[in-house]
Structure formats: C-alpha cells, structure tokens
1. Expected output is a single nm value to one decimal: the length gained when fully extending between V372 and A194, i.e. 0.36 nm times separation in residues minus the C-alpha distance. What is it?
2. Taking a 27 Å limit on the Cα-Cα distance, which of the listed pairs K424/K484; K374/K502; K317/K342; K374/K484; K374/K495; K311/K374 fall beyond it?
3. Using a 1.4 angstrom probe and counting only protein chains, how large is the accessible area of F459 in Å², to 10?
4. Let me know the volume per residue of the alpha-carbon convex hull for segment 69-208, in Å³.
5. Under a 1.4 angstrom probe, counting protein chains only, how are L507, L27 ranked by accessible area, largest first?
6. Per-residue HN-Hα couplings for segment 142-153, Karplus 6.51 cos²θ - 1.76 cosθ + 1.60 at θ = phi - 60°, whole Hz, x for Gly and Pro?
7. Take L309, L224 and sort them by solvent-accessible surface of the protein heavy atoms, 1.4 Å probe, largest at the top.
8. Please work out how much length the chain gains when fully extended from A107 to A126, using 0.36 nm per residue of separation minus the C-alpha to C-alpha distance, in nm with one decimal.
Amino acid sequence: MQEMWKTFFSSGPFIPHGHCYLWQTPLVWLHLTSDSIIALAYFSIPITLVYFISKREDLPFDWIFAMFGGFIVACGITHIFEVWTLWHPTYWMSGTMKAITAMISFATAILLVDLIPQALALPSPAQLESANRLLEAEIVERQLAECALQKAKEELEIRVEERTAELKSQTQHLEFANRLLGAEIVERQLAEAALQKAKEELEIRVEERTAELKCQTQQLEQALSELKQAQSNLIQSEKMSCLGQLVAGVAHEINNPINFIYGNVTPAREYADSLLEVVNIYQEHYPNPLPVVKEKLKSVDLDFIKSDLHKILISIKKGAERILGIVKSLRIFSRHDEAEMKLADIHEGIDSTLMILQSRLNANPGFVSIQVIKEYGNLPQIECYPGQLNQVFMNILANAIDALEEDSHSAWIATSEANPRLIKISTQILESQVVEIRISNNGSEITESVRNQLFNPFFTTKPVGKGIGLGLSISYQIITARHKGELQCISAPGKGAEFIIKIPMRLK
C-alpha cells in the first residue's frame, strides 16, 4: 500500500508536459494562461450558483445546481493539473482527477435525464394564473364560511361558559384528590430519576475503567513486545560488535608479525643468493675440498638445497601475501570504527565476507564444495553504513550456505555433476540511481508461507540451537530503515531462492 501511494504522488520515469511543447516560452505561456483563465471561470460559476440557491430557498431541484457546481469545480481542478503537469509529471494524480471529473459529469448527466420529466411537469404561468383566480374565489367563499363559523363560535362559547360553571364545582372536588395523587407521583418520579441517574453514572464509570484497563493492557503488551525485540536486537548488535572487535584485534595482531615475515623475505632471498654465489665461487676455485667438507656436502645434499631454497622463499612470500590478503579482508569486514555513514566499495565488502566464509565454501567430509559466481557491475563508491551492510551480506550468504548444506544430504544433488552447488552474486546500477545486489542459490524452494514471515523477528525454520530468527529481521531493518532501500526474497520450484537488495547511491 505504501509503495502504491509513493507511485501515486511520485513523478516516476515520466517527463513533464512542457517537453511536449519543446519548452517554447510563447506556447507554454499560451497554455498556462488559457488553462488558468478557464479554471478561474469554472471556479466563479459555482460561487454564483451557491449565491442563487441561498437567495431562492423555495427553488425546486436545488440539488441539481450542487451537482453542476461539483462538476464545474472538478473541471477547474483538471485545468489546474494541466498547468501543474507542465513542470511536474504526476500523471497518476492528474489522471485520477480526470476520472473523478468523468464520474461526476456522468452522474450529473444521468440525474439530469431523470429530472427532465419532473421539470416538464411543473405548471406554466397560464396555469398558475388560472389556479390563482380559482383560489381567490375560494377565499371569498372561505371568508363567508368564517363569518358563519364565528357566529356559531360565539353561540358555542355561551353554552360552554354555562357548562363550565357546572363543571367548575365538580373540578374543585377533583383537584384536591388530584393534588394528593400528583404529590405521590412526583415523589415516585424523583426516586426513579435518582435511581436511573445512579445507574447511568455507575455504567459510565465501569465503561471508563474498562477502557482504561484495556488501553493499559495494550500499552503493556506493546511495550513488552518492543522490549523483547529491542533486547534481541541489542544482543545481536553486541554479538556483531564483539565479533567485529575480535576480528579487528586478531587482524591487527597477525598483521605485525606477518609484515615482519613479508618484509624480511626479500632480504633473506638476497642473502641466500649471496651465500650460494660464494659457495659456487668456492667450488670453482677449490674443486677438491678437504675430506671433512666433502663428507658434509654429501650429507646435506648441496645441489638440492640450491634448487629448493628459491622455491621455499617464493612459497614463504606467497603465503605471507595470502595472509596479508586475509588480514585485509578481516579488517574490511569488521569495520568496528566505521559506524557512521561514509563512501564505501560494495564489492570490497562482499569479497571480505566471502573470505571469512571461505572455509564453509570449500569441500568438507560429506559435503561437496560450493561454487561462487560473481557478476559485478561497474559500481562507484556509494554512501552507506559499511559495517552494517557487511552484516547483511554475512546473514544472507550464511543462510544460503546453510540451505545448500541441507540440500547436500540428498544423494542426487551431492553426487550429480550436472547440479553443482552454486551461489551467484550480481550487482548493477538501475536507472533511478539505485544499486541492486542479487544473491541467489540453487537450493530448495522457499514456500510462500515461509516467505511471508521471513523478515519477522524470531521466525526461523532451523532446528533449536542453530538460529534464533533475528539475522534476516535485523538485515531488513538495516536495509529499509537505515539505508531507505528494499529487501525482498523470491523463490520458485527448481530455481532455489534469491534475495534482492536495492539501496540508493546517495542517502538523504
């Protein structure tokens, strides 16, 4: 629903209407002036109709004037939108206003057709004049009848006075009895009123107390739920923070000795070359050494040392370079000192996460290796929270590995070379300056019922002890709340699952 309203009020990929006029100033001003004058004229007509209806309260069918007024106002607003869309391509809003105008005009036309027979049935001025003459004659007859009635009334009043005098004496006796009865009735009514008032006050107090308790209960339930979620998020965040600090500390501790090793490999190689050069010179000038030296050369196998020493030093250098790469990846992944928004390389974060998960990607007893296919687009550095994005990549990639490891228990998947276990990662820039990251695997399908709850806190399909159901929930909050982006999961039978991350290149 939120996305629908965003699209409704958004300009989208459309262009302003002024592009159709090639932004020619005379043509733009012609349409602007014409639509504005038409809108003013449309708005003035309903004002005149309202004034006319207010002055003629006896006017029949006044509602048709209101319908015409609504129709004309809608037409005026439509012309206002014509002016608005010259610069702002909100065509969904403009089209909706036109649809409203169409409905009002259609309803007015239908009601007007139904009104015509009633309007034709109204009397003409000649008919009204004839009816007036008949009414005047009837008035004269009525006046004569009133005179006769007045005379009869006077005679009746005399008879009534006589009868009243007779009844007055009887009434005096009844009034005394009535006063006694009235006092009793009043006393009873007062008692009933007091009882009813007390009952109503009690009901009101009960309802107010019930509503208050219900509201407090709802607030407590909501506070408890928020507290549980906040506590879980805090625990997860603290775990990731501790993990980041641990990884950063380990990387720092390893970095110093490995730099020492890497930095000394080249001098060691130069020293070894110098020593071997001295040995070669010695062998050239003293081809027949002493028996003790000859025996020692034979025991140490000098020729093998000459050929193998360079290989050992090269292997040490490559190993040191490999460890330096791992340390760099650990530092990039941890980013424990980068909690604020900054420019970062998305591909660097993904690669560092894959480096940490490399042991799970390699073949293990009972599991075949997982191939990672990268289809990286040409992405610039984007504004983001790098440490939190690395946490999202870690959660999604770890879940993908878990899914493939579960599927590897099926013999046909584990042994079939035609169905290797794959994780595919692709990145690209969309037209709306949004970076799209897709992470998919060829494991089992995620059912629709699971997808509907996938990002809910504490929801997990893993057995007890393997997950608490917070990884994807926190990832969803990081992408949607912190980065103003989108995170969704799609899945189909035989195609595994795919997570799609969309975040803007620049955060507002």
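1. That works out to 55.7 nm of additional length.
2. From the list (K424/K484; K374/K502; K317/K342; K374/K484; K374/K495; K311/K374), the Cα-Cα distance tops 27 Å for K317/K342; K311/K374.
3. Rounded to the nearest 10, that gives 50 Å².
4. For segment 69-208, the hull spanned by Cα atoms encloses 298 Å³ per residue.
5. Largest accessible area first, the residues go L27, L507.
6. Coupling constants for segment 142-153: 5, 5, 4, 5, 5, 4, 5, 5, 4, 5, 5, 5 Hz.
7. These residues rank, largest area first, as L224, L309.
8. 3.5 nm
The values are calculated or read from the model by the stated rules, or taken from the named source; none is laboratory data. Predicted model, so just to flag it, every value in this text is computed and none were measured. Ligands, DNA and RNA are stripped out before the accessible areas are found, and what is left, the full protein with its side chains, is counted by its heavy atoms. Shrake-Rupley method; radii C 1.70, N 1.55, O 1.52, S 1.80 Å.
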